[in-house]
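The values are calculated or read from the model by the stated rules, or taken from the named source; none is laboratory data. Values in this document were obtained by computation on a predicted structure and should not be read as measured data. Note that each Cβ is placed from the backbone with ideal geometry, even for glycine, and that neighbours are counted across all protein chains shown.
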Amino acid sequence: MGVKLTKELVKVDQVVGEDRAQTVVDGVIVLPPGKPDIERVLSVEAEVNTETLEINILDGKVMVEGTIDVEALYVGCVPSGAQPVHFVEGTVDFSFFVKIPGARKNMDVRVKARVEHVQFSCNEHRPREIEVRIIVEFFVKVTQRVQIEIVVDATGPADLQVLRKTIRVDNVVGEARAQKIVKSDVSVPDKKPDILEIIKVEGKARTTEVKILDGKIIIEGVLEVSILYVAEVHCDKPEQPVHFMEAEIPFTEFVEVHGCREDMSKLVKVRVEHIRARKKDDRTVTVEAVLDIKAKVLEPKIIEVVEDLFSPSEMLDVKKTRVKVDQVIGEDDNQIVVKETFKVPLEKPPIEQIFKTNAKAKVTEARIIDDKVVVDGVLKLETLYVASVPHHFPQQPLHFVENEAPFTIFVEIPGAKEDMMLDFDVDVEHVSSRVEPNDDRRFEVRVVLRLFAKVTKMVQLDVVVDVKQIEKEEEKEKKEEKDKKDYPAMTIYIVQKGDTLWKIAKRYNVTLEAIIRANNLENPDLIYPGQRLIIPRRMY
């Protein structure tokens, strides 16, 4: 009797390879004009700016470039009675590579970075510089989308033994790619001089909201533009100064992904493929950029794969293949309410009525601790209000204030560990604000934050892909007859480290049920080194 296999076709992101690497980054933070010289450095903190990471895959290698944000506190050389402690910030560039055999261009890559240690010093001969040495650990994972036919069940002889494993993976529902042309006029800020010539323009795309509808993904974001230009100056000036300006250009685009639904998860990447800027007039720049948008929709799927099988009564040739996939450890979401009270600055008039408060969440740190994902960040709050002014004023002017509020939000995910992969989104669900009843210079803001987190871990499985019967019936009968004569009535086996009941049963070519009955095992998964097991004679 042959073995019948049940197979299922799944689309998954197969792990090509992953690795951890450390790199040492050296740099110098120079004090800006206006800051006093350094007498003593008190502390230095560093964080990898994930928004500046540039990742390129070469054959068998992943190149990563970016910047590290550095903040330092120091005691300044100042006269007695002046403010002695000062703050300075700067950036340090880095570049490194990780070898990932099999990695090729156009594969997907994810990078996690963590600052492990910061050393700093100040040379007395250079009192305006802080030398830093930063040790950074990077975790790099390369994946590619594959379509795999997996054996999920097997039937055959009555004594067929099947080893199954249940895994939860992200089934790739679909993915799409689109290009978006963003074009807009950008005005020179009022305090900046007119433009004579544009030197350089850089752009970076940042998504602000991603929505999934049936069969479609809508992406909203902003193009952050940085422009370096030569200013128009009067003839009596000795030189033409170089100036810098920034602007944000909003964009909206959609991509069609067949089969996607609102309850599915998504991965969206937006990259500036090309950007240019030209002078329209003395105070206007026309910016045009081409955005490359990649979107992928995932649906968690629980699959029971067949890892191994054998039959004491049949000679089987089992073919396997090795699969590396990201197993979903867990995903969940959580909501919190952040409530803070703020005071209107003295230079601003008091509040009569709040018109609107906008909130944006900026994540400063995301980490996994045992069974939990914790995200820290800052809420950037912008409040527009109608000012309370005397009645003889012709109108009630609108005023604007900015504030920040720190937040910490977490999600319980059983089984999550620090070395696993984390994907998360922090969204502002709702914002409300009100004036304090007895104080028109104070107002309260409430923000509802939602955290969605998913934790995955790479698993490596040898799964069954095909089974064939390898002996003719007559030869099998002769072999079985010989085995009956040679095989003892029973065997006493001492469990070794690394043994499982499956391995022992397969080694002696008997069923698991026979060993369980012979030893009255209540829990077959609980055997230990040194334990004595009775291996019964095979029954034909």
key: Single condition K324 does not satisfy, out of (1) closer than 30 Å to D170 by Cβ; (2) at pLDDT 90 or above; (3) surrounded by 15 or more Cβ atoms within 10 Å (Cβ to Cβ); (4) of a type outside the set (A, V, I, L, M)   = (2)
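Can you pull out the residues in the stretch 67-106 that are within 18 Å of Q14 (Cβ to Cβ) and either at pLDDT 90 or above or touching a helix residue (DSSP H, G or I) at 6+ places or on another chain (Cβ under 9 Å) (or both)? Outline the logic, then answer.
Of the residues in the stretch 67-106, the ones within 18 Å of Q14 (Cβ to Cβ) are 100-106.
If the condition is that a residue be within 18 Å of Q14 (Cβ to Cβ) and either at pLDDT 90 or above or touching a helix residue (DSSP H, G or I) at 6+ places or on another chain (Cβ under 9 Å) (or both), then I100, P101, G102, A103, R104 are the ones that fit.
Has the stretch 89-98 got any residue that is in a strand (DSSP E or B), closer than 27 Å to D170 by Cα and either among the charged types (D, E, K, R) or within 28 Å of the chain's Cα centre (by Cα) (or both)?
Within the stretch 89-98, one or more residues are in a strand (DSSP E or B), closer than 27 Å to D170 by Cα and either among the charged types (D, E, K, R) or within 28 Å of the chain's Cα centre (by Cα) (or both).
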Failed item, numbered, when P349 is tested on (1) modelled with pLDDT under 90; (2) over 30 Å from E253 (Cβ atoms); (3) of a type outside the set (D, E, K, R); (4) in a strand (DSSP E or B) = (4)
task = Output the number of the condition that N171 fails; it satisfies all remaining conditions of (1) farther than 30 Å from V270 by Cβ; (2) assigned to a strand (DSSP E or B).
result = (1)
request  = Any residue in the stretch 314-341 that's over 30 Å from E299 (Cβ atoms): show its pairings with residues that are part of a strand (DSSP E or B) and aromatic (F, W, Y) at Cβ separation under 7 Å, as long as the two are six or more apart or on different chains.
outcome  = L316/F310; V338/F407
task = For the stretch 288-296, indicate whether the set of residues that are in a strand (DSSP E or B), closer than 30 Å to V463 by Cα, in contact (Cβ under 8 Å) with a residue 12 or more places away in the chain and among the charged types (D, E, K, R) is non-empty.
result = yes
task = With the condition kept exactly as written, say whether any residue in the stretch 68-81 is within 30 Å of R177 (Cβ to Cβ) and either touching a strand residue (DSSP E or B) at 6+ places or on another chain (Cβ under 7 Å) or outside any strand (DSSP E or B) (or both).
result = no
The lone exception for K11 - which of (1) among the basic types (K, R); (2) within 18 Å of the chain's Cα centre (by Cα); (3) within 24 Å of D170 (Cα to Cα) it fails = (2)
remark   = Of the residues in the stretch 419-454, those that are surrounded by fewer than 16 Cβ atoms within 10 Å (Cβ to Cβ) and closer than 14 Å to F407 by Cα come to D427, R446, V448
query = Being of a type in the set (S, T, N, Q), in a loop (DSSP other than H, G, I, E, B) and farther than 30 Å from V140 by Cα, is that true of even one residue in the stretch 429-436?
reply = no
message = Looking at the stretch 488-512, I want the residues that are over 22 Å from D317 (Cβ atoms) and have a partner that is aromatic (F, W, Y) and in a loop (DSSP other than H, G, I, E, B) with Cβ atoms under 8 Å, at least 6 apart or on another chain. Which pairs are those?
response = V495/Y528
key: Residues satisfying the stated conditions in the stretch 267-279, i.e. under 17 Å from the mean Cα position of the chain (by Cα) and over 22 Å from T52 (Cα atoms)   = none
Selection within the stretch 68-91 - buried (at least 18 other Cβ atoms within 10 Å of the Cβ) and under 20 Å from E365 (Cα atoms) = I68, V70, A72, G90
task = Kindly indicate whether any position in the stretch 358-374 is without any contact (Cβ under 8 Å) to a residue 60 or more places away in the chain, crowded, with 18+ Cβ neighbours inside 10 Å and farther than 27 Å from V210 by Cβ.
result = no
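Conditions (1) hydrophobic (A, V, I, L, M, F, W, C); (2) over 29 Å from K296 (Cα atoms); (3) assigned to a loop (DSSP other than H, G, I, E, B), marked per residue:
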residue	(1), (2), (3)
P36	no, yes, yes
E39	no, yes, no
A46	yes, yes, no
I57	yes, no, no
V62	yes, no, no
message = Cβ-Cβ under 6 Å, sequence separation 6+ or interchain: first residue in the stretch 25-52 and over 24 Å from E202 (Cα atoms), partner modelled with pLDDT of 90 or more and among the small types (G, A, S). Which pairs?
response = V44/A72
request  = Scan the stretch 143-164 residue by residue and report those that are at pLDDT 90 or above and either among the basic types (K, R) or under 30 Å from E232 (Cβ atoms) (or both).
outcome  = R164
task = Go through (1) surrounded by 12 or more Cβ atoms within 10 Å (Cβ to Cβ); (2) more than 28 Å from V363 (Cα to Cα); (3) modelled with pLDDT under 90 and name the single condition V257 misses.
result = (3)
